[in-house]
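Below is one structure, written out as structure tokens, with a few remarks after it.
Taken together, the values in this text are just the output of simple stated rules run on the coordinates, not laboratory data. Owing to the predicted nature of the structure, the values given are computational and were not obtained by experimental measurement. Glycine gets a Cβ as well: all are built from the backbone with ideal geometry, and neighbour counts include every protein chain shown.
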Amino acid sequence: MPDTSSSKPRIEHYVAPLEETPLEAIDSVKAEGKPSNLWIDAWHDLRRRPMFWISSALILLIVFVALFPGLFTNESPSEGCLLANSNGAPAPGHPLGFTRQGCDVFARIVYGASTSLSVGIIVTILVFTLGVLFGAFAGYYGGWVDGVLSRLGDIFFSIPYILAAVVIMSVLANYRNVWVISLAIGIFAWPATARVLRSEILRVKNSDFVTAATAIGVSRFKIMWAHVVPNSIAPVIVIATISLAGAIVAEASLSFLGVGLPSSIMSWGNDIAQAQTTLRTAPQVLIYPSIALSLTVFSFIMLGEVIRDALDPKARAQR
Amino acid sequence: MLWYTGKRLLQIIPVLLGATFLIYFMVFAMPGDPIAALYGDRPPAPGVIDQIREQYHLNDPFIVQYFYYLLGIFQGDFGVTYSGQPVNEVLARTFPVTIRLALLAIFFEMVAGITVGLISGLRKGGIFDATGLAVSLVLISLPIFVLGFVAQYFMGIQWGWFSPTVGTGAPLEDLILPAIVLATISFAQIVRLTRSSVIETSSLDFVRTAYSKGLTRRRVVPVHILRNSLIPVVTYLGTDFGTLLVGATITEGIFNVPGVGRTLYQAVIRGEGPTVVSFVTIMVLLYLVVNLLIDLLYAVLDPRIRYA
Amino acid sequence: MSTPLLQVKDLEVAFRTQTGLVQAVRGVSFTLERGSSLAIVGESGSGKSTTAHAIINLLPGTGHISGGQVLLDGEDLAKASQKEMEEIRGRKIGFVPQDPMSNLNPVWSIGFQVEEAIRANGIASGRKEVKQRAIQVLKEAGLHDADRRLKQFPHQFSGGMRQRVLIGMGLAANPQLLIADEPTSALDVTVQRVILDHLESLTRELGTTLLFITHDLGLAAERAEQLLVMYKGQVVESGPSAQILQNPQHPYTQRLVAAAPSLASRRIQATGSISAAESAIATDASSAAGEAIDLIATAEARAEALEAAASQPPAIVVENLTKVFKIRGSGDFTAVDDVSFQIAKGTTTALVGESGSGKSTVAKMLLKLEDATSGKIVVGGHDLASVSGREMFGLRSRMQPVFQDPYGSLNPLRNIGNTIAEPLTTHKIGTAASRRERVFELLDQVSLPRTLVSRYPNELSGGQRQRIAIARALALKPEIVILDEAVSALDVLVQAQILRLLAELQAELNLTYLFITHDLAVVRVIADNVCVMQKGRIVEAATTDEVFDNPKEQYTRDLLAAIPGANIKLGA
């Protein structure tokens, strides 16, 4: 545009040459390439992130160790322990040394993996199921259903789940095993999941696609499971992954407090508790199971974080 | 605000009843003889058994037992410990210590967590941010007893920076290390929460409008970005208090802090059932009260709640 | 002669993304003389708002000025430091943002936010003075009870009031230039008009230079002397407003002018078959004139069709319909109050009203998503109040809705094929193969390629999603389609395209439309009859021509007067 230098500024009528901005057809369809929705996109995003592969590899390794401990060590974790080896230094075939009872530390860690993992998985399934049922019905049906279910959730939420598990496990001293401890943790851990799902459902259920389905004549129950829950579940998946880590910590904490699993069941928490008396003299006996425990927890938390980044567009934008 | 406070106070009643009922139910409605279950391998003397049956009204129907228990709670009577001391006396001695430890921990996690989170959020993608994210991820993964022992071994025993255990009277300087341990996991969570909250708030329209009014960055960051980002952080403190209570139990046990947590810790370790129930009840009540306070604080921070 | 107030020269703005730099604004130049006004017009994604944000250096995220100059009084803002910009914002350039709901900080009182602007620009100091100035600013912006409301929070103000607060803040320091970024597009039309009038008189009094950003060509032409039409980050045409409107030169501007409903004057006539018209668009992208969707078409056979329809029983009869919501604490709220109307088969009736008028509640009751408190709705001879669940299921196939939000009306996790087929599977119609055929047929009807069946909604534009929603609504071959603000969220060109599609589908399938909208301008091009709603009641009902040419009620006249650009004469 030329400078308007005359005393009375005149507005020029400028028209861009057509070649500069070629017109496109209005609203033309550009759907080349692969189909994409939330899950497909999330997978494409995950595939490109090293953190996803690192955490997955670690988790796979832990699962493998838990399933086939015999492949990783020839030593028995509890039999043939010699008190002569008490808190002994590493020796050939015993890379991490010996516990106070003279058992092989490495073998105990290897055999402890399945306990942590089982508790983690059972609790997560329990929490996920209870959380989804309570959250979905409370959020979707609202009204008195919501009132009752949410109050119930509030009550269970008001007792920190590890404290509740401490009480339950104290009472059930004679019934301590992997199932009981998982139940004791899970029965009080679900309200957080239910709350998240409920608030997601409250957001989704007023979407026009839900109203459209109602107008088509789809039943309420079917709309809930076919349209509402699938669109609300993403954050719950993230919580489930992270709660798996939480459950592993909870089991170890309870075993550490002496109300977890009996000493006959291999558990990193038990080993750490037993090693604390000799912390000053033989810290390595405490350190190694602690590392195993922390690494396992870390793997699941890291996986949860990358999944969150992939599933939540807001989190993705914050990277 | 008054209406909101009243509403929240009313809402807490069913939760209070439900929570105490659940605790009581867990202990006394389980299969088998509750006394045998509570005392495990070490059955008390027959006289004590009678006393316990009396104290818990075990000869009455379950629901009546519960009401006696509830009545006791409202009268501030939490029974006696295994060794025969009234729980209230133990509480009077240990509670101040735990409060000091908890306040110190909350102070550490809030100040450090919000500071690091704010800087990370404002410099998203920078080196500080990347380091902060990685470190916080590692810290979140460390179970508190692992952290406790590691801190005790290195900072207490090996390097001698702090006293590895807390001395009598629990002086403040002895509480620093346990408080740091207690604060660590929540610190990492607060860093992440503050960071994402700051990033989200920074991109909101009213922040741009604030700049467009001619405000300087030095004003916009605290007044518009940080102030709004604190709302979810404060809400988090409520749920976090549960973690803090469990953490205090373990931390006080490890560092031998003479607080409520260690009393519970020792009761659990020694299998003293009634004491465990009393102290868990107290912690749950405390948790409810703190959450009520946090809810009220939330209303103070967010006028949309206050005037809803 | 002094330099112009604002000179933008070859402005380039780019955003860094994962896939590289994306140019949002390319080579934009314009000059704004002191005391004049300019409007930048464009569709979403045209770069108009980005241009405005670049001028005050508040680009979001990774956006940055990658080239060119922004000269304010000869000083290049593109090179200004953060501190210099902080000096300029508020003092020299005021800014009025788009959405009054999100542009005030919810945790601070209105008074606090106005006072902070006054203090930052050094207009006044000392508590009392600042407060007085704040009250003065708000009063000037049209908040007459400002002194009482300073302590209130944003959520206690209506949208219009908040927009006044934002205007007050923008003008607080008496800046030379005011940038108004779609200042009223989130508001009801009548409120919009009042606020724009007020803004205009304020800026004229103060001698403020005005830069408008808007998507509405009519509004732009009415409020600014000079227009700048942007398309894909570039200026395609600029010049005096009237001249551009009456004699658009660039094919894109021609398209825009032709499609602007506020400038159109007659109902769209379905001419020829849909596919023929659409394929002309799809294949012939270069012949711009032929592609222009002309809403200014002449009425022909429509009157005859209407006469024929009058002899048949009406498709929908609504009698004395009332809906009362019980609100805890504050008694009852009558959302719909004694509403009666009829819609003849094959015709379109528009239900027009501003937010809160109850128009959408009527739609919900018709679809039986909401039960009526009293009154009668008869659809195809059945009274909705007395039908059983089984019968209602059958009735649903005769009446289908299309909603406003193109991003919310499709389940993002379902592919297009399953979405369109859902009505068929729900009503157990046909086999899997026959349903697939029907889905293809429906995609053809809404002029979308068949390859979309395996795609997902997030790959489509807003207009394409609305087409899918229309296809889904048509799957069960309904007689009635309820269009609840179905085109309100779309850009003008896409809007015009969908409106024409609707008209053509109506002609082909003899559909009956209930068209619910807040936009009277759109009504003119789609509806045969109009019911104007206000506070739950129908205040005026007549044929579209009558309502537009000879409105009886004051409220209708206000609504008509509020259509931006309604009184602009077009040369064509």
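One table, with the values for the structure above:
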item	result
Computed label-point distance, nm, for sites residue A:13 and residue C:152 using a 7 Å Cα→Cβ extension	4.8 nm
Exercise: per-residue mean of other protein chain Cβ atoms within 10 Å, A:278-291	3
Estimated [θ] at 222 nm from DSSP helical runs (n ≥ 4, -39500 (n - 2.57)) normalised by residues in chain C, nearest 500	-11000 deg cm²/dmol
Peptide-level mean, for C:406-416, of C-beta atoms on other protein chains within 10 Å	6
Ascending count of other beta-carbon atoms within 10 Å, so fewest first, for C:540, B:54	B:54, C:540
Prolate/oblate/rounded call for the protein assembly as shown, Cα gyration tensor, a/c under 1.5 rounded	prolate
Cβ-based net charge around residue B:132, under 11 Å, with every Lys or Arg adding one and every Asp or Glu removing one	+3
Computed over the stretch B:96-258: relative contact order in percent, which uses C-alpha pairs under 8 Å that are six or more apart	36 percent
The stretch B:90-132 and the stretch C:435-474: distance between their alpha carbon centers, rounded to Å	53 Å
Gain in span if fully extended, residue B:203 to residue B:227, counting 0.36 nm per residue against the direct Cα distance	7.2 nm
Model label zone, residue A:263; criterion: amide N under 17 Å from point 7 Å along Cα-to-beta-carbon; scope the stretch A:50-83	A:77-83
Under 13 Å from residue C:477, Cα to Cα: aspartates and glutamates that are on another chain or at least 8 residues apart	C:441, C:508
Positive dipole terminus of the stretch C:6-259, leading residue within C:112, C:24, C:233 (C-beta point charges)	C:112
Footprinting exposure proxy for C:359, C:151 (fewest neighbouring C-beta atoms within 10 Å first)	C:151, C:359
Contour minus Cα-Cα distance for residue A:60 and residue A:39 (0.36 nm per residue)	5.4 nm
Spin-label pair residue A:72/residue A:48, simplified geometry with 7 Å Cα→Cβ offset, distance in nm	3.4 nm
Cα centre as origin, Lys/Arg/Asp/Glu Cβ charges: the stretch C:6-259 dipole, Debye	600 debye
Centre separation in Å (Cα based) which lies between the stretch C:347-395 and the stretch C:475-506	19 Å
Inter-label distance for residue C:383 and residue A:179, nm, one decimal - labels placed 7 Å from Cα along Cα-to-Cβ	6.0 nm
Estimated FRET transfer efficiency when R0 is 41 angstrom, pair residue B:128-residue A:141 (beta carbons, to 0.05)	0.30
Under 5 Å, built H, 5+ apart or other chain: amide partners of residue C:336	C:323
Mean Kyte hydropathy of -0.5 or more with a Cα span along the axis of at least 30 Å, helices from DSSP in chain A	A:105-141, A:234-256, A:283-311
Peptide B:200-208 - average C-beta neighbours from other chains (10 Å radius)	6
Per-residue Cβ neighbour rank within 10 angstrom, fewest leading, B:205, C:216	B:205, C:216
Nearest 10 degrees, 0 to 90: helix C:416-426 Cα axis against chain C principal axis	40 degrees
Euclidean distance of C-alpha centroids, the stretch A:46-95 and the stretch C:1-71, integer Å	61 Å
Given C:48/C:151; C:326/C:376; B:213/C:364, the pairs whose alpha carbons are separated by over 32 Å	C:48/C:151; B:213/C:364
Calculated FRET value between residue C:82 and residue C:185, using beta carbons and R₀ = 41 Å, to 0.05	0.85
Paramagnetic label zone (point 7 Å from Cα along Cα-to-C-beta, residue C:249; backbone N under 19 Å) in the stretch C:39-67	C:39-42
Calculated FRET efficiency for the pair residue A:25/residue B:9, C-beta based, R₀ 45 Å, to 0.05	0.10
Net charge over other residues, Cβ less than 11 angstrom from the Cβ of residue B:120 (K, R count +1; D, E count -1)	+3
Highest to lowest packing among B:122-128, A:303-309, scored as the average C-beta count within 10 Å	A:303-309, B:122-128
Extension reserve of the residue C:488-residue C:373 stretch, reckoned as 0.36 nm per residue once the Cα distance is removed	38.5 nm
